[in-house]
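Derivation of every value follows stated rules applied to the coordinates shown; laboratory data play no part. Just so it is clear, the structure is predicted and the values come from calculations on it, not from any experiment. FYI the Cβ positions are ideal-geometry reconstructions off the backbone, even for glycines, and counts take in every protein chain you see.
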Amino acid sequence: MTKQQLNTAELIARAEKPAEDAMKLHPFYKGKIEVTPKCCIRDLNDFAIWYTPGVAKPCKDIQANPEKVFEHTNKWNSVAVVSDGTRVLGLGDIGPEAALPVMEGKALIFKYLGGVDAFPICLRITDPDDLIQAVKWLEPTFGGINLEDIAQPKCFRILDTLRKEMKIPVWHDDQQGTAAVTVAGMINAVKLVGKEINKVKIAMIGAGAANICIARVLITAGCDPQKIVMTDTKGTLHKGRTELKEKFKEKWEMCRKTNGANIQGGIPETMKDADVLIALSKPGPDTIKKEWIKLMAKDSIVFVCANPIPEIWPWEAKEAGARIVATGRSDFPNQVNNSLGFPGIFRGTLDVRATTITDEMCIAAARELAKCAEDKGINEDYLIPTMDEWEVYPRVAVAVGMKAIEQGVARIKLSKEDLFQKSQTIIKRAHDATQLMMKEKFIPPPPD
């Protein structure tokens, strides 16, 4: 075995280790979240306050003024993580039970990084109208909804309908969350290579919910839609793809808005002379080939973010000439992953009791994420903050909350300073509580 083959084998082994550890530790902990009290219990007499007879008084107060539910209950900080299991990671339609470990993981990140109490809800529902109704039934209990891992095209209609018909923010993390973090990475990547975001040619491999939303948010953030070329399994999206008009209206919108040069063909044609590659498609490592990377412009930027394996191994993309490479994984440099966005975005949204999460709020989060990294010093292996920089999340929360106030979608208004203090206190409490429980062995250490 050559030295290069040995290095590649070591890198692949390292990349596969998280999956091996997951099979040991998931059954050890039997779940990643639990419910713990947040009120004082000095003795059993306190239950007369928290339950009957005392609880009747807050109930009547809410009945008289429904908005008081945010004052008397945990609705103000509760989010439902809802999935039907039809598009889980890169695994596809694996069903609601198999989706539960992912939703629990999402809830864990919500709490640890955002101080948000999130609850996984996996539903045995395939009809989009039934899922819409089920989520609407949850509205009295939760302050926000995080839709997760729902197949397209139904995910678009589900999100659009719920955003219109519910009075709490509804968010599809595969769309909006991925878009926010990708835009953050793009802002700093183009700075590093000395290019301008409104002039770069962008190749987008995959035309699912994530990439379509990324394209929409990139355009709102200043990218030229005519310089974006997107491809699905049948080739590039262009004005001749009229078969998409009825069944995939979101793809058809991209056909009309993007690809000003009317490029036709497959992935190689899409990537030729592109400054930026954004791939969220089939897990690799051979979905994107080295020879296609070589077709790109000088100082190319490559985002290969399929899970659990990127479309091409990052070291192979570098060998092919890419200057900057990002993936969706935490064990490689430049993780472009929703976990950097949604905890702070929801923190800010909940703290001002926003009624929705707009594209502009997503862009505000993206710009703040990019600024956090820039303040620390960006380089080719550090485009955006890493998940362990917990102080970033209050800054994102402030940016989102202030944008919500500016756009008139916030129920309450706070100053920038007050919003930062509130967010920081809540997030630090969640972080410190977890560390304390580990120290005191309430959360047992993993087995050797």
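Structure data summary
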| read-out | value |
| --- | --- |
| For the chain, built as a Gaussian network whose Cα springs stay under 10 Å, the top-fluctuating residue of Asp418, Asp381, Asp174 | Asp418 |
| The chain, relative contact order [Cα under 8 Å, separation at least 6], % | 14 percent |
| Beta bridges by DSSP in the chain, antiparallel share as percent, to the nearest 5 | 15 percent |
| Label-point separation, Lys38 to Leu192 (7 Å along Cα→Cβ), nm | 3.7 nm |
| Student exercise, segment 114-185 dipole from Lys, Arg, Asp, Glu Cβ charges, in Debye to nearest 20 | 180 debye |
| Förster radius 22 Å - calculated FRET efficiency between Arg14 and Met437 (Cβ-Cβ, nearest 0.05) | 0.15 |
| By average C-beta atoms within 10 angstrom, highest first, the peptides 73-80, 364-371 | 364-371, 73-80 |
| The chain - charge dipole about Cα centre, Lys and Arg +1 at Cβ, Asp and Glu -1, debye rounded to 20 | 800 debye |
| Reach of Lys199 by Cα under 19 Å, taken over lysines that are not fewer than 8 positions away in the same chain | Lys191, Lys227, Lys257, Lys272, Lys298 |
| C-alpha long axis of helix 342-351 to longest principal axis of the chain, angle in ° | 40 degrees |
| Low-density loop positions, chymotrypsin sites (Phe, Trp or Tyr not before Pro), segment 363-448 - DSSP coil, at most 14 other Cβ in 10 Å | Phe442 |
| Highest to lowest packing among 60-72, 113-125, scored as the average C-beta count within 10 Å | 113-125, 60-72 |
| Simple label model, 7 Å out from Cα along Cβ direction - Asn379 to Lys413, nm | 4.5 nm |
| Cα long-axis angle, helix 178-192 against the chain (0 to 90 degrees, to the nearest 10) | 50 degrees |
| Too-long pairs where the Cα-Cα distance tops 25 Å, listed order kept, from Lys164/Lys251; Lys167/Lys239; Lys75/Lys154; Lys294/Lys376; Lys154/Lys201 | Lys167/Lys239; Lys75/Lys154; Lys294/Lys376; Lys154/Lys201 |
| Acute angle (nearest 10 degrees) that the helix 96-114 long axis makes with the longest principal axis of the chain, alpha-carbon atoms | 80 degrees |
